[in-house]
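Trainee: Sharing a structure here in C-alpha cells format.
The values are calculated or read from the model by the stated rules, or taken from the named source; none is laboratory data. Values in this document were obtained by computation on a predicted structure and should not be read as measured data. With ideal geometry, Cβ positions are generated from the backbone for all residues, glycine too; neighbour counts draw on all protein chains shown.
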Amino acid sequence: MKRQIITIDEKLCNGCGACITGCPEGALQIIDDKARLISDLFCDGLGACIGTCPEGAITIEEREAEPYDERKVMANIILQGENTIKAHLKHLAEHGENTFLKIAKEYLTEKGLEVPQYEEPKSCSCPGTSAKTFSGSETKASPNHVDGTIESELRQWPVQLHLINPNADYLENADLLISADCVPYAYGDYHRKFLKGKVVITLCPKLDKDIDRYIDKLAQIFTLHPLKSLSIVRMEVPCCGGTEYIVQKAMEQAGKVIFTKVYVVSMDGRIL
C-alpha cells in the first residue's frame, strides 16, 4: 500500500535525538548516531517529528509502506508510561484521527488501564489541510437567505484528492461524490443537484500530474471505508473521461465492485 510516511536525510541528520521525543509512537530510534525509522507499522505519517528536527532532516513522502497499526503502536506505548500515552492521544486528537484515537482508548480499556486526561489539542497543521466537517443545510430552517444568497452544501474540508486523508472519519458509510474540478463552474445548480448530502472529492485527470497516486489513494479509501453510494460527475470533454478510469482502476486495486452513478455535464451546463 502507498501511504504518507517520513523519510530521513542522513546527510542532514546530526543524531541529536530531538525527533525521538516528538514521536511518541516509537517509530524512531538513534542508531549509529543517526535517526532511523525502525518500523513502518509505527509511523502514522502525520509528521509530528518534523517540527522538532533542528536540521530539517525529516520530510514526508508517499511510498509503499506497511499499513499503520494503532494496536501495535499502543502495545509499544504503554511500556513507556503515562506521559507517553498522553502525548500519543493528544497527537491523534490534534490531527483529527478520531478512528485511531478510539482504537487507542479501547486498547487501554482492554488492558485494564485508565485513559489518562490529556491537554485539549490546538491546531498544529495548516488550516487549509485540517480535516473539518460541517452541518448540511438540511439542518437549517431554509436553504436560502432572505437576500437571495444560497447556502453551501459542502459537508467537509479539504476536498482536493491530494489533501484528503484516507483514514478520515467522514468517509465512513459516506455518500461519496468524485467530481472533476471544472464541473461546479459549468453546472449552475451543482450544490443542490450533486453536492447536497455528499462527501466530495475533486480532481482533474488532465492537469493533475500523478494519476497513479490518485488511484492508490482512492483504493485506500475503498478498502478502509464501506460506502453508502458512489457517484461521479465529469465534463463531456474527452480528457475528463479519465475521472472514470481513475475510479475504476482504484476499485480494481482495492478488489471492490461498487455500483457507480456517472453524470456527464456539457460545456454549456447541461446534464447529458
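Trainee: Any residue in the range 223-242 that is among the β-branched types (Val, Ile, Thr), in the same structural domain as LEU161 (by TED's automatic domain parsing), in a helix (DSSP H, G or I) and in contact with a helix residue (DSSP H, G or I) (Cβ under 6 Å, 6 or more places away or on another chain)?
Mentor: Here is the first cut: in the range 223-242, the ones among the β-branched types (Val, Ile, Thr) are 223, 232-233, 237.
Keeping just the survivors that are in the same structural domain as LEU161 (by TED's automatic domain parsing) gives 223, 232-233, 237.
When the remaining residues are screened for being in a helix (DSSP H, G or I), the result is 223.
Those left that are additionally in contact with a helix residue (DSSP H, G or I) (Cβ under 6 Å, 6 or more places away or on another chain): 223.
The answer is yes, given that some residue of the range 223-242 is among the β-branched types (Val, Ile, Thr), in the same structural domain as LEU161 (by TED's automatic domain parsing), in a helix (DSSP H, G or I) and in contact with a helix residue (DSSP H, G or I) (Cβ under 6 Å, 6 or more places away or on another chain).
A quick yes/no check of all residues on (1) on the phi > 0 side of the Ramachandran plot; (2) at pLDDT 90 or above; (3) not polar (S, T, N, Q):
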residue	(1), (2), (3)
GLY112	yes, yes, yes
GLU120	no, no, yes
SER123	no, no, no
GLY128	no, no, yes
HIS145	no, no, yes
ARG155	no, yes, yes
ASN167	no, no, no
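Trainee: Give ASP208, ASP175, ASP212, ASP216 a once-over and let me know the one that is under 22 Å from VAL257 (Cβ atoms), acidic (Asp, Glu) and outside any helix (DSSP H, G or I).
Mentor: On the way: ASP208 fails: under 22 Å from VAL257 (Cβ atoms); ASP212 fails: outside any helix (DSSP H, G or I); ASP216 fails: outside any helix (DSSP H, G or I).
The conditions single out ASP175.
Trainee: crowded, with 18+ Cβ neighbours inside 10 Å, touching a residue at least 60 places away in the same chain (Cβ under 8 Å), under 30 Å from LYS111 (Cα atoms) and not hydroxyl-bearing (Ser, Thr, Tyr), is that true of GLU25? Quick ask: steps written out before the conclusion?
Mentor: Values: crowded, with 18+ Cβ neighbours inside 10 Å: yes; touching a residue at least 60 places away in the same chain (Cβ under 8 Å): yes; under 30 Å from LYS111 (Cα atoms): yes; not hydroxyl-bearing (Ser, Thr, Tyr): yes.
Considered against the rule, which asks whether it is crowded, with 18+ Cβ neighbours inside 10 Å, touching a residue at least 60 places away in the same chain (Cβ under 8 Å), under 30 Å from LYS111 (Cα atoms) and not hydroxyl-bearing (Ser, Thr, Tyr), GLU25 comes out as yes.
Residue by residue, here is whether (1) polar (S, T, N, Q); (2) assigned by TED's automatic domain parsing to the domain that holds ASN14; (3) at pLDDT below 85; (4) more than 18 Å from GLY26 (Cβ to Cβ) holds:
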{"site": "LEU41", "(1), (2), (3), (4)": "no, yes, yes, no"}
{"site": "THR59", "(1), (2), (3), (4)": "yes, yes, no, yes"}
{"site": "GLU62", "(1), (2), (3), (4)": "no, yes, yes, yes"}
{"site": "HIS91", "(1), (2), (3), (4)": "no, no, yes, no"}
{"site": "HIS95", "(1), (2), (3), (4)": "no, no, yes, no"}
{"site": "LYS102", "(1), (2), (3), (4)": "no, no, no, yes"}
{"site": "PRO116", "(1), (2), (3), (4)": "no, no, no, no"}
{"site": "SER137", "(1), (2), (3), (4)": "yes, no, yes, yes"}
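Trainee: Go through the range 171-189 and report how many residues are surrounded by 19 or more Cβ atoms within 10 Å (Cβ to Cβ) and out of contact with any Leu (no Cβ under 9 Å at 6 or more places or on another chain). Give the derivation first.
Mentor: Restricting attention to the range 171-189, the residues satisfying the condition of being surrounded by 19 or more Cβ atoms within 10 Å (Cβ to Cβ) are 171, 174, 176-181, 183, 187.
In the following step, the residues that additionally are out of contact with any Leu (no Cβ under 9 Å at 6 or more places or on another chain) were identified as 183, 187.
The number of residues fulfilling the criteria is 2.
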